[in-house]
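A.B. asks: Supplied in structure tokens, the structure appears directly below.
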Amino acid sequence: MNTDLLPREGLILCAVSGGADSVYLLVRLAELGYDVAAAHYNHGLRGAEADRDEQFVRALCRARGIPFYTEKGDVGAFASRERLGIEEAARILRYDFLERTADELGAAAIATAHTANDNAETVLLHLARGAGLRGLGGIPSRRGRIVRPMLDVTRAEVERYLEEKGVGYVQDATNASGDYARNRVRHQAVPALETVNPAFVRTVGQTAALLREDEAFLQSLTEAFLARYGDENSLDAKALLAQPGPVAARAVRSMAGRPLEAVHVQAALKAAREGGAADVPGLRIARAGDRLVFGASQGPGLPDRALPVPGETVLPEAGLVVRAEKFTAMPRVVHKSYNIFFFQCENICGSIAVTARRPGDSFRPAGRGCTKKLKQLLMESGVPAWERDSLPVLRDETGILAVYGVGAAERVCAGPGDRDIIQVSFRPTPEQGG
């Protein structure tokens, strides 16, 4: 047992289910002279058998003079309400109970009875399901005040100790069931691998420890990168792409603040490289200028609005005001930025409206010599994906007249010497700083 993980002073709250491993933990720590208490969470999943386990731990603690604390929950109801698997729901409720109890008692540490066998099983499960260094590093020996001092103790050693000391424990019938993936790994995969290497369980533990060291080193590089190139919700996109793959992937996951699969990380890096956005679980990651923004919001969209000539229309969704004016001749100064447009009156069909983009939109931009899809033009112009639905599009009854920030249609553009001109200009709304 790794006693280096244990506090020299203060209470240690032991999570005790009543099974062999947790009974070993409690009895062994008491034998070594630590100040211990037992915490038992009754998940309410196995009826009378679960109540039997609780009574066993209570009696064990009474016989040894160890303080005992318990709580019963409805894991099934919690799992259904929160849409979680039973095992995940049970884990959440159990650790919540342990943390609350430790707070009430002022415990210096919470000790759980994960063994070398549990660690090997966890590594195999992560390997089977797909994992990086963190997953293949197995069960961490410490997480906050939660410590796992038995990761170097095998299940065989636990059972031998309890037999020598004459200490009983309870058996969970579900541990023999083939319905759970962990049980299949425990009863089939591990014994098969032990025929290849009798010390397989310990070997996996040693390998996992090395991988955790590698993970810690890569994480330190990632934290240094984030400190230099990151802020609260964005990263320098160019600097991110210059990082080695393992650091870039960790930086993306760290900024996202949630587990991401490899496909999500690659989508985020593509957004950093090519522009646009990546929608990952619960989050939009998008390139904005030279930054990769985590949590970029989708534009609110732009309803259709009439544009009187002369007159103006406010576009609050885009933070713009659009104004139309009539001139008898083309102004001497021709604005080439795409926020002021000049149209020939005779080429406009009907009234003018300001709308959002529409599926299948296309037009022939002045000076381009070809008709192009608006979607392609927006990509070429570098308009962020999340802004495209609130980008103003000017239309008449025939089609697109112009797109703010992109260009005007060749069929209506006015030039030098033209008369009866409509000028349409965009400016920021006052609250946008215009």
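Condition check ((1) free of Cβ contacts under 8 Å to residues at least 24 places away in the same chain; (2) in contact with a Leu (Cβ under 7 Å, 6 or more places away or on another chain)) across all residues:
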| position | (1), (2) |
| --- | --- |
| VAL36 | no, yes |
| ARG58 | yes, no |
| ALA63 | yes, no |
| GLU71 | no, no |
| GLU99 | yes, no |
| ALA107 | no, yes |
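A.B. asks: Looking at segment 362-374, I want the residues that are closer than 21 Å to SER390 by Cα and have a partner that is basic (Lys, Arg) and part of a loop (DSSP other than H, G, I, E, B) with Cβ atoms under 6 Å, at least 6 apart or on another chain. Which pairs are those?
C.D. replies: LEU374/ARG357
A.B. asks: Residue under question is VAL406, and the condition is that it be β-branched (Val, Ile, Thr), closer than 30 Å to LEU292 by Cβ and crowded, with 17+ Cβ neighbours inside 10 Å; does it hold?
C.D. replies: Numbers: β-branched (Val, Ile, Thr): yes; closer than 30 Å to LEU292 by Cβ: yes; crowded, with 17+ Cβ neighbours inside 10 Å: yes.
Yes.
A.B. asks: Checking the structure you have, find out if any residue of segment 42-55 is surrounded by 15 or more Cβ atoms within 10 Å (Cβ to Cβ), assigned by TED's automatic domain parsing to the domain that holds VAL153 and more than 21 Å from ASP172 (Cα to Cα).
C.D. replies: No, segment 42-55 contains no residue that is surrounded by 15 or more Cβ atoms within 10 Å (Cβ to Cβ), assigned by TED's automatic domain parsing to the domain that holds VAL153 and more than 21 Å from ASP172 (Cα to Cα).
A.B. asks: Quickly run through segment 302-319 and pick out the residues that are assigned to a loop (DSSP other than H, G, I, E, B) and of a type outside the set (A, V, I, L, M, F, W, C).
C.D. replies: Selection gives PRO303, ASP304, PRO308, PRO310, PRO316, GLU317, GLY319.
A.B. asks: Any idea how many residues of segment 358-412 are of a type in the set (A, V, I, L, M) and within 18 Å of GLY276 (Cβ to Cβ)?
C.D. replies: The total comes to 9.
A.B. asks: Separate question: Hey, any hits in segment 17-30 for a residue that's assigned by TED's automatic domain parsing to the domain that holds ARG142, touching a Leu at 6+ places or on another chain (Cβ under 9 Å) and more than 19 Å from THR115 (Cβ to Cβ)? Explain how you work it out, then say what you get.
C.D. replies: Step one: filter segment 17-30 for residues assigned by TED's automatic domain parsing to the domain that holds ARG142, giving 17-30.
Within this subset, residues satisfying the condition of being touching a Leu at 6+ places or on another chain (Cβ under 9 Å) are 18, 20, 23-24, 26-27, 29.
Of the ones still in play, those that are also more than 19 Å from THR115 (Cβ to Cβ) are none.
There is no residue in segment 17-30 that is assigned by TED's automatic domain parsing to the domain that holds ARG142, touching a Leu at 6+ places or on another chain (Cβ under 9 Å) and more than 19 Å from THR115 (Cβ to Cβ).
A.B. asks: Next up: Looking at the structure I just gave you, is ALA108 under 19 Å from LEU5 (Cβ atoms) and either crowded, with 19+ Cβ neighbours inside 10 Å or in contact with a helix residue (DSSP H, G or I) (Cβ under 9 Å, 6 or more places away or on another chain) (or both)?
C.D. replies: Answer is yes for this residue.
The rows are residues; the columns are (1) modelled with pLDDT of 95 or more; (2) under 38 Å from the mean Cα position of the chain (by Cα); (3) over 20 Å from GLU88 (Cβ atoms).
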| site | (1), (2), (3) |
| --- | --- |
| GLY33 | no, no, yes |
| VAL36 | yes, yes, yes |
| ASN42 | no, yes, no |
| ARG46 | no, yes, no |
| TYR69 | yes, yes, yes |
| GLY73 | no, yes, no |
| GLY76 | no, yes, no |
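A.B. asks: Residues ARG364, ARG291, ARG273: which one is in contact with an Asp or Glu (Cβ under 7 Å, 6 or more places away or on another chain), at pLDDT 90 or above and surrounded by fewer than 18 Cβ atoms within 10 Å (Cβ to Cβ)?
C.D. replies: ARG364
A.B. asks: Next question, about the same structure. Which residue, of LEU93, LEU127, LEU98, is hydrophobic (A, V, I, L, M, F, W, C) and either touching a strand residue (DSSP E or B) at 6+ places or on another chain (Cβ under 6 Å) or assigned to a loop (DSSP other than H, G, I, E, B) (or both)?
C.D. replies: LEU98
A.B. asks: Only one residue in VAL247, VAL190 is in contact (Cβ under 8 Å) with a residue 12 or more places away in the chain and touching a helix residue (DSSP H, G or I) at 6+ places or on another chain (Cβ under 6 Å). Which one?
C.D. replies: After ruling out the rest, the residue left standing is VAL247.
The values are calculated or read from the model by the stated rules, or taken from the named source; none is laboratory data. Quick caveat, the model's predicted, so the values are computed rather than measured. Neighbour counts run over all protein chains shown; Cβ positions are idealised from the backbone, glycine included.
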